[in-house]
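Encoded as structure tokens, the structure appears first; notes follow it.
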Amino acid sequence: MAEIIGLFVASLCILLIGLTYVVYPAIRLLRLKDQPTFSAPAHRPSVSIIFAAYNEKVVIEEKIRSIYDSKYDLDKISVLVGSDMSTDGTDEIIIRLQSEFPNLHLHRTEKRTGKSGIMNMLADKATGEILIATDANIIFKHDTISQLVQSFASEQIGAVAGALTYKGNSDNSTAKSEGIYLNLENKIRLSESQCFGFCLGMEGGLYAIRKSLWAPIPPATFMEDFFQTMQILGRKKKIKFNPLAIGYEDVSTSLYEEFKRKIRISLGNFQNLKRFKNVLWKSTYPLGYAFLLHKILRWFTPHIIIVLLAALLFNPLTTIIGLILFGVLLLQFILVKFNMHGPITYFCAMNLAMLLGHLKYLKGVSSSVWEPTKRIQE
């Protein structure tokens, strides 16, 4: 009897992992339609671009210049940067650029605040009809703002998600793995947007939202983009994914930097799961369905892997399989020590990061103060 239960548990674990990593992505890719064409927005509302910065002198000037090198009417654009007590000269660069761009505004905090607090402050000060939330390292194209704004002609659209992509090329395995993941996520979001009228999860590095729909982010929140996603959907508004609204970021080549970033992401994911778990039964389809298969099962994959290992190792019928799987997982972390890793290692490391993020969440979170991801990676 115990052997049968063990086989059932192991099969269930494999099914759950397959649903989130194979079945749901396959369904979304099969339902994917042709990408939309661009049409210049007839309605050109005022836009406030808001982002937090902490010690971003390496990228801050390029970031600001990319915003103003835009096809959109510059007199309709204002930029608000919240410096979280930067100490590396970031503020001085912004102050110098203000003489060139009069509608560039710097707001410096008096103590480390964290991204969520800064974004709330900037959103409150912003005067644009549309808020574009971004990150200090995301570089705009000439038409990024126009692409984000065009969809707001429909009153049912509450927000628009942009598409992040890596600039430059790298043969580094971490860069390749992260690039594959990012490309797949963009396609899944596009398919969700086309089929459901929403994409489940806007990238915090680039999204637009009606100012009237902005909700204050709860204190110490790490994934403010997903918080805004869910609260907008709770108001029965649509979220469009526009793959042509592109933001560039540096190729990520450091597995360690990605590992730290994924821990923060995981922590924020579980914060939002607690806030929006009722969606699963209050809005079963399509929102609850997408939330479960696209997000929740993925967040719990490391936990499911642990249960799978236990089910295999402690079942006489599958002990050898369990030992092989455990050996494969152990090998991946040994390879990291020798800087030899590929997609399987990346998958294992990111799931370990998700597990650690959950543990940090369970310990309690009192602050969303952060250290930026290293911008120049070697």
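Bear in mind that the values in this text are calculations on the coordinates, not laboratory data. Treat the numbers as computed from the prediction; the structure is a model and nothing was measured. Counting neighbours? That spans all protein chains shown, and the Cβs are built from the backbone with ideal geometry, glycine included.
Working out 0.36 nm times the residue gap between Arg65 and Met1, then minus their Cα-Cα distance, what length gain in nm do you get to one decimal?
16.3 nm
Express the relative contact order of segment 47-254 as a whole percentage, based on alpha carbon pairs under 8 Å and six or more residues apart in sequence.
27 percent
Which whole number of Å³ per residue matches the convex hull of the alpha-carbon atoms in segment 116-255?
Roughly 109 Å³ of hull volume per residue.
Asp88: net charge of surrounding residues, Cβ under 10 Å, Lys/Arg +1, Asp/Glu -1, itself excluded?
-2
So for the chain, averaging the separation of alpha carbon pairs under 8 Å that are six or more residues apart and normalising by length, what relative contact order in percent results?
22 percent
Contour minus end-to-end for Arg108 and Ser367, with contour as 0.36 nm per residue of separation and end-to-end as the Cα-Cα distance?
91.4 nm
Give Lys57/Lys237; Lys71/Lys211; Lys236/Lys277; Lys76/Lys274 a once-over and call out the pairs whose C-alpha atoms are over 28 Å from each other.
Going by Cα-Cα distance, Lys57/Lys237; Lys76/Lys274 fall outside the 28 Å limit.
Rounded, prolate or oblate: pick one for segment 229-298, where a ≥ b ≥ c are the square roots of the eigenvalues of its C-alpha gyration tensor, a/c under 1.5 means rounded, and failing that, prolate if a/b is larger than b/c, else oblate.
Cα axes put segment 229-298 in the oblate bin.
Rounded to the nearest 5, what is the percent of antiparallel bridges among the DSSP beta bridges in segment 47-254?
Rounded to the nearest five, the antiparallel share is 30 percent.
Please compute, for the alpha-carbon atoms of segment 1-65, the extent along each of the three principal axes and give them in descending order in Å.
Principal extents (largest minus smallest coordinate, Cα): 66, 38, 19 Å.
Among Ser266, Ser366, Ser48, Ser283, which comes first, then next, by fewest other beta-carbon atoms within 10 Å?
Ser366, Ser283, Ser48, Ser266
Once you place label points 7 Å from the Cα toward the Cβ at Asp124 and Gln156, how far apart are they in nm?
3.5 nm
For the chain, what is the Kirkwood estimate of the hydrodynamic radius, computed as the reciprocal of the mean inverse distance between distinct Cα atoms, to one decimal in Å?
Its Kirkwood hydrodynamic radius stands at 21.9 Å.
Given R₀ = 30 Å, FRET efficiency for Val9-Arg31 by Cβ-Cβ distance, to 0.05?
About 0.40, to the nearest 0.05.
Sorting Phe270, Phe326, Phe198, Phe241 on the 10 Å Cβ count, fewest up front, what's the list?
Phe326, Phe270, Phe198, Phe241
In whole Å, what is the distance between the alpha-carbon centres of segment 218-235 and segment 180-196?
The distance from the Cα centre of segment 218-235 to that of segment 180-196 comes to 19 Å.
Under a plain spin-label model, where a point goes 7 Å from the Cα along Cα-to-Cβ, how far apart in nm are Lys337 and Leu317?
Distance between the two pseudo-spin positions: 3.6 nm.
Could you please state, rounded to a whole Å, how far the C-alpha centre of segment 276-333 is from the C-alpha centre of segment 60-121?
Cα centroid to Cα centroid, the span is 42 Å.
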